[in-house]
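Colleague: I have a structure I would like to understand better, so I am pasting it below and will then ask my questions one at a time.
No lab work stands behind these numbers, since they all come straight from the coordinates. Keep in mind it's a predicted model, so treat the numbers as computed, not measured. Note that we place each Cβ from the backbone using ideal geometry, even for glycine, and neighbour counts take in every protein chain shown.
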Amino acid sequence: MAVDHTRAPVLEALVEYRRTRQTSFTPPGHKQARGADPAVREVLGDAVFLGDVLASGGLDDRLTRGRVLERAEKLMADAVHAEHTFFTTCGSSLSVKAAMLAVAGPHERLLIGRDAHKSVVSGLVLAGIEPVWVDPRWDAERAIAHPPSAADFAAAFDAHPDAKGALITSPTPYGACADLRAVAEVCHRRGLPLIVDEAWGAHLPFHPDLPSWAMDAGADICVTSIHKMGSGLEQGSVFHLQGDLVTPELLKTRSDLLSTTSPSVLICAGLDGWRRQMALHGRDLVGGALELAAEVRSAIEDIDGLHVHGHGDFCGPGRADDFDPLPVVMDVSALGLSGYQAADWLREHHGVDAHLADHRRISAQITHGDDQETTGQLVAALKDLAGAAVDLPGGPQVDVPAPADLRMRQARLPRDAFFGPAEHVPIAEAAGRVAAEMITPYPPGIPAVLPGERLTEPVLRYLSTGRQAGMNLPDASAPDLDTIRVVAPAAD
């Protein structure tokens, strides 16, 4: 049956809601902006409140007989070649947990790339799943991790044949991609599902010059953040499903455990509108972004002291399998600066917000929302940064461990360590103790410390020096990292 991608069921239902002048005696209590604070209305505008209605009993009737969200989800699935799609309004942090719960349960094993986002670790804590960590491919020269290979997952399955499936992150926030087709084949030879955390890959289905995306590569479940590389609102996420290894009914029940019972219609409208935009114009929009990114990369590479990571840096033996060029990742170390210093300087002096910042890099995310004006501002700011760098004081250095020293042994299940008896100890006394918390440089949000890992001096030194240099560690229980939460001695 032909699918009409000019339709947008959520947006159309909002138009109908206004046309029929519905009078609501339900939440939300602002009652179509009338009760909202005037100062808030002045800042946000009334359109925000006018689009903020109940999903059922507002956008749709009490029994959702109009199937508004269901029709929008079916259009999304068709646009990206999935069999089923589910909207979520709590970000991919919720979506990835629902996907994990659909594949493994308490005390069951799941193969997971150790470069996973903190939301994956939260899923382990909530579900009591036992992780089998699959090490990323470490580029020691550039001090960066790339997704594990298919061979890495095959070896992990051979060592843990009772594992229920696998989870891989691709693309990474740096744009490095795995050979998802090969990883899916490793899983399917064993009759097991593959989950792909593709939060950074919303744009991938819409242009042939980009890396293959999860559904086309044969993955079973794919989680995508529409607000990252798409044009949805923050927290707009979808998860896609295909095949018969996980049923849509099971995935939906797992999602219902975690999802809000008050989904934001505003966020759903953003998802619906983005799907229509990309289904009708995606190839041209993404193609334009790729051309713009190529120009930006060339211009930045011409700035003394800056190097833009490209395909040749990230891909090759022992590194990533493919590369997304839209995250423009720059090494600033030749300027004598850390990425933290560079990001802070750009914001303070030019009003330019970089995305990632680490001990030696910053990144600028290019999307179809950029143009010559925004990228020109970026390049001009970077030129000024390069000129100013000589007079900027050198900041504290981050003691980055060798790849082998970054990995710590998982001594206890994340759930047991997180919820069990714990105490706080000074960081100088924490080596050898079992962590009872996550500690995550953010962004990109990949934990350096997981609950249940036995802490080592190199990792503690990395975090301590990183904190002094400007690393953001938002989930550490002690904001200044003077202490760490560890498993109590009786349970260690």
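Colleague: How large, in Å, is the range 423-492 by the Kirkwood hydrodynamic radius built from its alpha-carbon pairs?
Modeller: When all Cα pairs of the range 423-492 are included, the Kirkwood radius is 11.8 Å.
Colleague: Take the Cα radius of gyration of the chain and divide it by 2.2 N^0.38 Å, with N its residue count; two decimals is plenty.
Modeller: 1.00
Colleague: To continue, here is another question. Would you mind working out the magnitude of the charge dipole of the range 166-262 relative to its Cα centre, with +1 at each Lys and Arg C-beta and -1 at each Asp and Glu C-beta, to the nearest 20 Debye?
Modeller: 140
Colleague: Return the tail of the calculated pair distribution for the range 18-176, meaning the percent of Cα-Cα pairs more than 29 Å apart.
Modeller: Here the tail beyond 29 Å accounts for 45 percent of pairs.
Colleague: Once the dipole of the range 403-491 is set up with Lys and Arg at +1 and Asp and Glu at -1 on Cβ about the Cα centre, which of Leu460, Pro443, Pro414 lies farthest towards its positive end?
Modeller: The listed residue farthest towards the positive side: Pro414.
Colleague: Hey, what did the chain get for relative contact order, percent, Cα under 8 Å, at least 6 apart?
Modeller: Details: 977 pairs, mean separation 68.4, N = 492.
The value is 14 percent.
Colleague: Given H placed on each backbone N at 1.01 Å, which residues far from Val328 in sequence or on other chains put an amide H within less than 5 Å of it?
Modeller: Ala364, Gln365, Ile366
Colleague: Still on this structure: Enter the Cα centre distance for the pair the range 273-309 and the range 15-81, rounded to the nearest angstrom.
Modeller: 33
Colleague: Follow-up. Where the centre of each part is set by its Cα atoms, how far does the range 98-128 sit from the range 384-415, in angstrom?
Modeller: That distance is 26 Å.
Colleague: So what's Rg/Rh here for the range 126-207, counting alpha carbon atoms and using the Kirkwood radius for Rh?
Modeller: Here Rg/Rh amounts to 0.98.
Colleague: Next question. Divide by every residue of the chain the summed helix terms, -39500 (n - 2.57) for each DSSP H run of at least 4, and state the resulting mean residue ellipticity at 222 nm, rounded to the nearest 500 deg cm²/dmol.
Modeller: Calculated mean residue ellipticity at 222 nm is -11500 deg cm²/dmol.
Colleague: Same structure again: Can you find, among Pro171, Pro27, Pro426, the residue sitting farthest towards the positive end of the charge dipole of the chain, where Lys and Arg contribute +1 and Asp and Glu -1 at Cβ?
Modeller: Pro27
Colleague: Neighbour counts of other C-beta atoms within 10 Å: give me Lys31, Lys97 arranged from fewest to most.
Modeller: Placing the least packed residue first, the sequence is Lys31, Lys97.
Colleague: Also, I was wondering about something else. If you add up the charges near Val96, with Lys and Arg at +1 and Asp and Glu at -1, over every other residue whose beta carbon is less than 12 angstrom from its beta carbon, what do you get?
Modeller: The answer is +1.
Colleague: Oh, and also: Give me Ser122, Ser92, Ser170 ranked fewest to most by other Cβ atoms within 10 Å of their Cβ, as a rough exposure proxy. Numbers along the way, then the final one.
Modeller: Details: Ser122 21, Ser92 27, Ser170 33.
Neighbour counts put them in this order, fewest first: Ser122, Ser92, Ser170.
Colleague: Determine, for Tyr17, Tyr340, Tyr442, the number of other Cβ atoms within 10 Å of each Cβ, and report the residues in order from fewest to most.
Modeller: Final ranking by Cβ density, sparse to dense: Tyr442, Tyr17, Tyr340.
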